[in-house]
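Structure record follows, encoded as structure tokens.
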Amino acid sequence: MLTDEVPQIQEVRYCLKTLREQMAARQNSNNKVQILRVNALCHFQKENDEYHTRLVEQSERLQRAEDQSEEKCLQVEELQRLLGGMELESSVLRDKMAEGEAELLQLRVASLKEKIHHLDDMLKSQQRKVRHMIEQVSLQNSRTVIQERDRVIGDLEEKVAFLEAEVRNHYVLSPALLISTVTC
């Protein structure tokens, strides 16, 4: 639209220039005609000034629109760059998170293995203690049984000794008894 007005403005200027020249040539011959032409020239000049003012305003608006458009393009490019960076950063963070989860899983597995090993050691230790206690109890029971048997044997030996003593007394007394029973 502005580009269409530029040739018109140039044509108007050219016309004004020629009018001025013509008026200057005819000024001597006809002042009245010259005044009309000057008035026409002034009118054309006014129109030219108005066109020029409109053209300047439209050029300024167009320039502002172009500047805004360029600024928006730059903003879009910046946003696209930022979005690309954010996507890359998101990808890197997902990778790091996956690595961290894998490392955490490995640490948990290692921790569980260590706990299992520790519990296994504790179980083996407890088993040794229980075996030792069983052995101690068995040994104590064996000692008790042996002591009980020793006591029974001792009692039996006492009884045997007592019976042997009785038997000896009986044999020793028996002939005397025999003699006393025979005499009676």
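Assorted remarks:
- Partners of LYS113 within straight-line reach, counting lysines whose Cα lies under 17 Å from its Cα and excluding those fewer than 8 residues away in the same chain: LYS124.
- Cross-link partners for LYS129 among the aspartates and glutamates, with Cα-Cα distance under 15 Å and sequence neighbours closer than 8 places in the same chain left out: ASP120, ASP121.
- Rounded to whole Hz, the Karplus (6.51, -1.76, 1.60) HN-Hα couplings of the range 6-20, x for glycine and proline: 4, x, 5, 5, 5, 5, 5, 4, 4, 4, 4, 5, 5, 4, 4
- From phi via Karplus (6.51, -1.76, 1.60), per-residue ³J(HN,Hα) for the range 162-167 in Hz, x at Gly/Pro: 5, 5, 4, 5, 5, 4
- GLU66/CYS42 FRET efficiency (R0 41 Å; Cβ-Cβ; nearest 0.05): 0.70
- Reported value for the range 27-146: 93 Å³ per residue, from the convex hull of its C-alpha atoms.
Read-outs throughout are calculated quantities, based only on the coordinates presented, and are distinct from any laboratory measurement. Treat the numbers as computed from the prediction; the structure is a model and nothing was measured. FYI the Cβ positions are ideal-geometry reconstructions off the backbone, even for glycines, and counts take in every protein chain you see.
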